[in-house]
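Each reported figure results from applying straightforward, stated rules to the coordinates on display, with no laboratory input. Everything numeric here is computed off the predicted structure, so don't read it as measured data. Note that each Cβ is placed from the backbone with ideal geometry, even for glycine, and that neighbours are counted across all protein chains shown.
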Amino acid sequence: MLQPVGVGHKSLADYTHLVGRPLIEEIRTLSEELSGLKVLHLSATAFGGGVSEILYTLVPLMRDVGIEAEWQIIIGREEFFNATKIMHNALQGNPQDLNAGEWAVWEQFNHMNAEALAEGWDVVICHDPQPAGIRNMVPDKAEHWVWRCHIDLSTPNPATIEHLLPFISDYPQSLFHTADYVPQGMGGHVNIVPPAIDPLAPKNMALSPEDAAYVCDQFGLDVDRPLMCQVSRFDPWKDPLGVIDAYRIVKESLPSVQLALVGSMASDDPEGWDFFNATIAHAGGDEDIHILNNFNNVGSIEVNAFQSHADVVIQKSTREGFGLTVSEALWKARPFIGGNVGGIPLQVENGISGYLVSDVETCAARSLDILRDPALGKALGRRGKEHVRKHFLTPRYLRDYLRIFSELLAAAPGAAPAAEAAGQQAAEPAS
Ligand code: UDP
């Protein structure tokens, strides 16, 4: 038996005022024929990173509309997570592929998890590559299988994707954030569905400026001085060192500026601590650089406060599957600057709802533009929030999954597949 995750309760009705009645009604209609469907989400960790963030909202909302949704965590140990971290990096373009021993470890753990998996599911959704091999090993344990890819597969290491492909290509349904991420040779029905954020979760719910400042003050920030902030795992692809370099350039012209780098440590990310220490070393003892993580008691409310209080929020990634932190910042109507990679341009229109940058110097220049002109920041933030409201709030994401479930149920032998519906309409305005 794999470890189940407790997710609490959420009610779809609570989202009506945010996303509009038509979307909520569409979800209710779709869910009528899905009542009692036994759906399992399988992922590698219940803590840290975007996948767990999403499932804590999606699973209770699926339950609220009548689906018997569960979320379970696969069994893994250090050697498995070391292998899957190399795989994750290679799939995002790193030249280092797994060696034969590391592939063997990945397969061995997939076998172990395949054995431990309970039977009798209508749908099993495997998230990311860690559990992706299970389907081939025990196809009969579920009626239908779905693979959800959360990472940037646009330029994968060729050897790594070639090795992984036989394990993922036969999934009858798969989901990718953008069409660029779909590997050549992917079979089944491919859906282009970006994820979404939960506007009612403690991380994103409305926080007054006074409350946000009060929380930031407790972490030693001077709430009367300008703040640049990046919230992300300590990972080279998130480029916190580049953010420090951009902050240093800004500080030459604006000595009062401060920087907060807030990063949670994920249990399936063994590299995290090394890179956390490298980031501290790069900060070189600058007292205006605040480096915080979940072991300093930075939880969802604190992330909310930092994002809400910051004068500019940055996500200077050099690879990014989607980047939930982008929508999180925009939803708080903050001026935003992000790397022009992966899922970030989906969420930000350059110069309209934020800025997209590809180097440290431009990141610094745009930060200064915003810090010197609060009206500019306000206008960017307002447009960013509307874009997120239309495209990137959880009910839209729930609707896309329900459409896929409906297609799976409808796809009896001989029936015409329900075409591209979910994929093409996934990111349409919610209302
Ligand atoms: N996050 C957090 N605390 C931190 C750093 C990150 O709660 O200190 C959250 C962040 O708010 C976001 C998620 O972790 O919801 C990261 O998701 P994203 O898609 O941005 O990146 P990933 O980590 O999946 O690559």
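Dividing the summed helix terms, -39500 (n - 2.57) for each DSSP H run of n ≥ 4, by the number of residues in the chain produces a 222 nm estimate of -13000 deg cm²/dmol to the nearest 500. Here the 3J(HN,Hα) profile of segment 245-261, calculated from phi with Karplus coefficients 6.51, -1.76 and 1.60 at θ = phi - 60°, is 4, 5, 4, 5, 5, 4, 5, 4, 8, 9, x, 7, 5, 10, 10, 10, 10 Hz, Gly and Pro shown as x.
Mind grabbing the base-10 log of I(q)/I(0) for segment 1-59 at q = 0.12, 0.29 Å⁻¹? Debye formula, identical points on the C-alpha positions, no solvent, two decimal places. Calculated log10 I(q)/I(0) at the listed q: -0.40, -1.21. With 30 Å as the limit, the listed pairs K251/K390; K251/K378; K10/K85 have K251/K390; K10/K85 beyond it between alpha carbons.
Rounded to the nearest 10 degrees, the inclination of helix 21-32 to the longest alpha-carbon principal axis of the chain is 30 degrees. Using the average count of surrounding beta-carbon atoms within 10 Å as a protection proxy, the listed peptides 33-40, 336-343, 49-56 rank, highest first, as 336-343, 49-56, 33-40.
Applying 1/(1 + (r/R0)^6) with R0 = 45 Å to the Cβ-Cβ distance of E33 and D274, what FRET efficiency is obtained, to the nearest 0.05? Don't jump to the answer; show the numbers that get you there.
Details: r = 49 Å, r/R0 = 1.10.
The formula returns an efficiency of 0.35 here.
Helix 78-91 and the longest principal axis of the Cα set of the chain meet at an angle near 80°. Once the Cα atoms of helix 272-283 and of the chain are each reduced to a long axis, what angle between those two axes, in degrees from 0 to 90 to the nearest 10, is obtained? That helix lies at roughly 20 degrees to the long axis. Converting phi to 3J(HN,Hα) with the Karplus coefficients 6.51, -1.76 and 1.60 and the offset θ = phi - 60°, segment 40-50 yields 10, 9, 10, 9, 8, 8, 9, 9, x, x, x Hz in sequence order, with x at every glycine or proline. The ratio of the alpha-carbon radius of gyration of segment 140-276 to the globular-protein estimate 2.2 N^0.38 Å is 1.45. With bins 10 Å wide beginning at 0, the percent of Cα pairs of the chain falling in each bin runs 5, 22, 32, 26, 13, 3, 0. For segment 9-102, just list the percent of Cα-Cα distances falling in each 5 Å bin from zero outward, please. Values per bin, smallest distances first: 2, 11, 16, 17, 14, 11, 8, 9, 7, 3, 0.
Here the chain carries DSSP beta bridges of which approximately 5% are antiparallel, counting only pairs with both residues inside.
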